[in-house]
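Undergrad: This is the structure, below, for whatever I ask next.
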Amino acid sequence: MKTLKTLAIIIGLLGIMTNLYSQSGKVVIVLKQPPPLRFNMEDMWKITLHNSSQQTYRVQLRGVATEQKEGFIADAVTGTFTLPPGVKVVTAADVKPIKVNQTNPKYEDVVKNVGTVPSGSYDICVYAIDAETGIELASDCIFTEVLNLSQVELLSPENRSSIKGEKWDEDWDMDLSKKYKSLSDSSKQDWDYDDDYRIRNSSSGSILLFSWLPPTPISAGQRVTYRLKIAQIYGMQSPFDAIQSNPLYYSISNLMTTIYQYPIAARPLSGGSYAWQVEAFVNGVLISSSEVWQISAGKETSPVTNLEKLKFMKKYWALGDGYDNSMGSGTQTGKKPLMFAFNSKLYGETANRSGTGSDKEPQFGYWEIDPSISLYGLPFSAPLLFSSENSGSRQNINTLNLSLDAQVIKDFVMEKVEREKDKLLEKGNKEFSSLTDKQKDKLEANAKSKVTSKLHPMLKIMSSFRSLGIGTSYPDYTPLTVRGVPLTGVNVEL
């Protein structure tokens with residue numbers, strides 16, 4: 001009898017094990033390899049599930065991360081979702097909510113607040129669990145290395161600096177001779193003519209050096225190389241947009257040092273503004289990019305300036321007339337409702353080959369139009385840019401924008417405030433320099449109040465905008481949000 005009971009128990013256990021094996025064998029989990037040298041906690045849930053059975057499961061995922069030196073790092077589970085027969089790519093909606101069960105105290109703040117892990121070598125394992133029975137249906141593990149480095153820091157040429165295109169001239173040579181003659185005998189012995197030559201040559205643009213700081217920390221044995229990218233800026237483009245959208249004016253890869261002299265054989269940097277950026281690679285993998293800086297070289301075609309736009313407003317709102325009309329209030333009869341001015345530039349190039357290190361085509365063309373419009377006394381800009389160098393692999397170069405010149409309106413109002421301050425000082429027979437700080441603030445407030453009370457309602461409304469436009473715009477909300485990125489649509493900033 002005991003033998004029969006024992007045999008029945010063994011058969012039952014074998015049946016259960018067979019059932020478990022059949023269940024686990026019918027579900028396969030494939031964990032996607034994260035990007036090289038990077039890992040974020042959301043990468044743990046980028047998986048594909050294969051259910052080869054005809055059964056639908058309620059599944060919960062469990063992820064465990066361990067580091068080779070530190071050991072256990074984190075243990076987290078997802079919400080429950082349905083796994084039907086077939087192939088299922090897990091989405092963010094499937095895994096919510098995610099609960100972190102346990103973390104290494106040393107890594108807790110980084111994992112929970114930043115959502116990533118420090119540099120190291122990690123084993124990542126994910127388990128698919130039957131939510132009803134608690135049985136493990138499938139699992140998969142991957143190994144990945146993480147390297148967190150600081151951003152590449154640009155040094156020179158400085159952001160928004162100008163590169164002069166002057167060459168060595170005789171006047172400078174004469175200046176050096178005068179400098180030498182003015183030195184004492186002991187100073188003449190220490191003076192190095194070549195040093196002054198290099199200083200002059202470098203500042204003139206004959207020698208253009210790009211330099212930057214490397215990302216840190218770099219471990220021994222890791223090969224770090226750099227790529228320098230330069231793109232010409234067209235129209236109203238931001239430096240960031242130029243790097244992303246335009247064919248590179250010049251680029252060079254596999255640089256081993258953090259200083260590079262712009263080659264004479266490359267296209268000369270002249271007659272415009274340029275954006276430059278440096279990328280750092282570790283063992284051939286992009287790991288860090290710098291900010292995008294802007295430099296200018298040579299003289300550009302001047303757009304319609306704010307001063308010219310201000311003249312349009314003065315013509316319409318009669319700033320030079322009597323006091324009442326100068327406030328921009330009342331009916332502006334006899335004024336032109338539409339006034340405009342514009343600059344246009346059409347240029348291109350044709351050659352039998354591209355320049356050294358350049359992605360630009362041998363033949364290309366650009367057309368820039370920069371109109372300034374005054375519509376019922378309100379200044380608008382409508383810059384247009386058309387290019388033959390558009391590519392499906394880059395952002396669109398062509399831009400069209402219609403926007404309110406809010407700064408011109410503010411300048412117009414502030415000019416009225418300054419005039420009103422002068423009148424108040426004249427009325428009180430006082431000099432501005434003799435006022436205390438408190439009196440100056442009161443004078444400013446009184447002048448603004450008086451101007452605002454007589455200002456046309458339309459100008460009051462429009463002067464409250466920082467930016468108002470439609471089309472391609474480059475919003476600059478805060479340093480920590482969207483900045484310099486081209487957006488298409490309506491842009492409103494107050």
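The values are calculated or read from the model by the stated rules, or taken from the named source; none is laboratory data. None of the values given here were measured: they were computed from a predicted structure. With ideal geometry, Cβ positions are generated from the backbone for all residues, glycine too; neighbour counts draw on all protein chains shown.
Undergrad: Assigned by TED's automatic domain parsing to the domain that holds residue 486, surrounded by 16 or more Cβ atoms within 10 Å (Cβ to Cβ) and not aliphatic (A, V, I, L, M), is that true of residue 370?
TA: Yes; evaluated as a whole, the condition is true for this residue.
Undergrad: Applying the selection to the stretch 383-418, what residues are charged (D, E, K, R), crowded, with 20+ Cβ neighbours inside 10 Å and assigned to a loop (DSSP other than H, G, I, E, B)?
TA: Matches in the stretch 383-418: 405 only.
Undergrad: Restricting attention to the stretch 126-137, which residues are surrounded by 17 or more Cβ atoms within 10 Å (Cβ to Cβ) and either within 18 Å of residue 65 (Cβ to Cβ) or free of Cβ contacts under 8 Å to residues at least 60 places away in the same chain (or both)?
TA: Hits for the stretch 126-137 are 126, 127, 128, 129.
Undergrad: For the stretch 252-271, enumerate the residues that are at positive phi and either aromatic (Phe, Trp, Tyr) or in a strand (DSSP E or B) (or both). If you could, list the steps in order and put the result at the bottom.
TA: Of all residues in the stretch 252-271, those at positive phi come to 254, 271.
Answer for the stretch 252-271, where residues must be at positive phi and either aromatic (Phe, Trp, Tyr) or in a strand (DSSP E or B) (or both): just 254.
Undergrad: Another question about this same structure. Looking at the stretch 422-432, can you tell me whether even one residue there is touching a helix residue (DSSP H, G or I) at 6+ places or on another chain (Cβ under 9 Å), modelled with pLDDT under 85 and in a loop (DSSP other than H, G, I, E, B)?
TA: Yes - at least one qualifying residue is present in the stretch 422-432.
Undergrad: Count, please, the residues in the stretch 300-321 that happen to be among the acidic types (Asp, Glu) and either closer than 28 Å to residue 233 by Cβ or at pLDDT 75 or above (or both).
TA: Total satisfying the criteria: 2.
Undergrad: Now, a different point. Sort out which residues of the stretch 353-400 are among the β-branched types (Val, Ile, Thr) and over 23 Å from the mean Cα position of the chain (by Cα), and write them in order of number. First the steps, then the outcome.
TA: Of all residues in the stretch 353-400, those among the β-branched types (Val, Ile, Thr) come to 356, 369, 373, 397, 399.
Matches in the stretch 353-400: 356, 369, 373.
Undergrad: Looking only at the stretch 435-465, how many residues end up being touching a strand residue (DSSP E or B) at 6+ places or on another chain (Cβ under 9 Å) and either surrounded by 15 or more Cβ atoms within 10 Å (Cβ to Cβ) or outside the structural domain of residue 402 (by TED's automatic domain parsing) (or both)?
TA: Total satisfying the criteria: 3.
Undergrad: Spot the failing condition for residue 284; the list is (1) at pLDDT 90 or above; (2) within 28 Å of residue 223 (Cα to Cα); (3) not aliphatic (A, V, I, L, M), and only one is missed.
TA: (1)
Undergrad: Also, I was wondering about something else. Does residue 427 satisfy the condition of being among the charged types (D, E, K, R), farther than 23 Å from residue 306 by Cβ and surrounded by 12 or more Cβ atoms within 10 Å (Cβ to Cβ)?
TA: Spelling it out, it is not the case that residue 427 is among the charged types (D, E, K, R), farther than 23 Å from residue 306 by Cβ and surrounded by 12 or more Cβ atoms within 10 Å (Cβ to Cβ).
Undergrad: Further question: So which of 28, 59 is at pLDDT 85 or above and touching a His at 6+ places or on another chain (Cβ under 6 Å)? Break it down into steps so the answer makes sense when it comes.
TA: Working: 59 fails: touching a His at 6+ places or on another chain (Cβ under 6 Å).
The unique qualifying residue is 28.
Undergrad: Something else: If a residue has to be free of Cβ contacts under 8 Å to residues at least 60 places away in the same chain and closer than 24 Å to residue 358 by Cα to count, how many in the stretch 213-241 make the cut?
TA: Here the count works out to 8.
Undergrad: In the stretch 68-94, how many residues are assigned to a strand (DSSP E or B), more than 33 Å from the chain's Cα centre (by Cα) and surrounded by fewer than 14 Cβ atoms within 10 Å (Cβ to Cβ)?
TA: Count: 5.
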